Protein chains: 2
Amino acid sequence: MNVRARQKAATQASILQAALEIFSEKGFDGASTREIAAHAGVHHALIKYHFTSKDALWRAAVTFLFQRQAAELSLPAPNDPAHASYRDFARAVIRAVVLYSARHPEHARLMVQESVRDSERFRWAADEFIVQTRQAAEAFILLCQREGILPKVSVPALAYIFVGAAQLFYTLAPEVRRVWGIDPSDPEVIEAHAEALTAVLVR
Amino acid sequence: MNVRARQKAATQASILQAALEIFSEKGFDGASTREIAAHAGVHHALIKYHFTSKDALWRAAVTFLFQRQAAELSLPAPNDPAHASYRDFARAVIRAVVLYSARHPEHARLMVQESVRDSERFRWAADEFIVQTRQAAEAFILLCQREGILPKVSVPALAYIFVGAAQLFYTLAPEVRRVWGIDPSDPEVIEAHAEALTAVLVR
DNA sequence: TGTTACGTTATGCATTTGCATAATGAAATG
DNA sequence: CATTTCATTATGCAAATGCATAACGTAACA
């Protein structure tokens, strides 16, 4: 790779990284491209050059989030010999989701900022990515219900119960720190949360 | 109350109502006072006149939310004769929290927008209001643990599991509608969610 | 080594923003 | 009925915003 190509990739990466941070903390309207550029340490005109527009940058950030999620959150198959039982499999899935939420809290933050209202941007993300997440969540819940691990109640409700219970602790990390005096980025705290969620969900 | 006082109260109420909606959907930075004024159907200069500044308007909105919550979410006492058992009491609390989250989704939306980062505004809200919520949540969880209703795991984790599981379904109502094809404002759907959460939490 | 390609920077512009100040007009008051 | 009070409106302003355009400088290449 060239010097120029390397530099170009580095610039794009730093812009994307800054975009994730600012968008996730302030939402699309609250974030300014100049603030993102300053945070990335580049000239603001480079955002237009590399990402065309603020809207396109936001979509690039969302695409990055879901691609990384797909890569990192490769859930093990239910019949994987690594699991002694479906119950163990369910525990592994819950733990994996909690660890992902803890590792990348900006994912849930950025999405929740946009999913509280029905914008064009939100609809694009929903159709492009969230629909797939629904499939996985639904399949997992149905399996757990069949095996008697989860109660046989509303599947959509269970889906948001699961996800909400897994991510709010990290989405609201500043609140957890200030009001409860504990740090949701501490590995031990994360383990305790995963254990708690497993105890609540797996019967 | 004379004509002027009545009109003044009506103006303030409509501004506050609009502020709740715009702040909860766009966050503090993303919301503009002119948009709030337009949404309330009043001249934008009235916001400064009645609420001094954008920041003060935000704090008035948050104050309103928590005061209304305190009024509407008056949790029944554990030893109230209306409850046959602590288990029934726990079910009543869970149902009440779910119904409140469904009735006023803007509360969680507005707070989550500000609680994802450690701003001065957030710290004020945390110290002024959220600390009290913590007390109630902690007491409720400890009671449930003593009675064998909830597993004896991390209390802060359980608190965010409970709240996250109760409110995400309504915070992300547009997502639920688009991706799952159901309406989180439908009373039957709300009942199903309350039932699901109760089934998951109460053992 | 001279030229080109292209990542980067400088600058401009119309619009939006929060806030300030002065003007207005009708209800309240005596 | 004259006057005052005060909720409301009109207008201004500096700063910030997204985006456009042109200049710049150096790595890449023939």
Exercise for review: For residues that are over 20 Å from the mean Cα position of the chain (by Cα) and either within 8 Å of DNA strand C (Cβ to nearest atom) or more than 14 Å from every other protein chain (Cβ to nearest Cβ) (or both), tally how many sit in segment B:37-67.
Suggested key: 17
Practice item. Looking for whichever is outside the structural domain of B:A136 (by TED's automatic domain parsing) and either at pLDDT below 95 or under 30 Å from B:L158 (Cβ atoms) (or both) here; the options are B:V3, B:V98, B:V93, B:V42. Which one fits? Key: B:V3
Point to revise | Counted residues, segment A:3-28 - those being within 24 Å of B:I22 (Cβ to Cβ) and either more than 14 Å from chain B (Cβ to nearest Cβ) or near DNA strand D (Cβ under 8 Å from one of its atoms) (or both) | key: 1
Check your understanding: Which residues, counting only those in segment A:95-113, are within 11 Å of chain B (Cβ to nearest Cβ) and touching a residue at least 60 places away in the same chain (Cβ under 8 Å)?
Key -> A:V98, A:S101, A:P105, A:E106, A:A108, A:R109, A:L110, A:Q113
Practice item. Would you point out which residue out of A:D55, A:D80 is modelled with pLDDT of 95 or more and among the charged types (D, E, K, R)? Key: A:D55
Check your understanding: Restricting the search to segment A:68-124, which residues are closer than 30 Å to A:D55 by Cβ and of a type in the set (V, I, T)?
Key -> A:V97, A:V112, A:V116
Practice item. Working only within segment A:114-146, note down all residues that are of a type in the set (K, R) and within 12 Å of chain B (Cβ to nearest Cβ). Key: A:R117, A:R121, A:R123, A:R134
Review point. Which helices (runs of 4 or more DSSP H) does segment B:1-92 wholly contain that include 2 or more residues that are touching a residue at least 60 places away in the same chain (Cβ under 8 Å) and surrounded by 12 or more Cβ atoms within 10 Å (Cβ to Cβ)?
Key: B:3-30, B:54-72
Point to revise | Selection from segment B:180-200 of residues that are surrounded by 21 or more Cβ atoms within 10 Å (Cβ to Cβ) and at the interface with chain A (Cβ under 7 Å from one of its Cβ atoms) | key: B:W180, B:H193, B:A196, B:L197, B:V200
Exercise for review: Name the single residue, out of those in segment B:150-179 being among the small types (G, A, S) and at the interface with another protein chain (Cβ under 7 Å from one of its Cβ atoms), that is surrounded by the most Cβ atoms within 10 Å (Cβ to Cβ).
Suggested key: B:A165
Check your understanding: So is B:E72 closer than 30 Å to B:P174 by Cβ and more than 14 Å from chain A (Cβ to nearest Cβ) or not?
Key -> yes
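The values are calculated or read from the model by the stated rules, or taken from the named source; none is laboratory data. Small disclaimer: the values here were computed from a predicted structure and weren't measured. Every residue, glycine among them, receives a Cβ derived from its backbone with ideal geometry; neighbour counts consider all protein chains shown.
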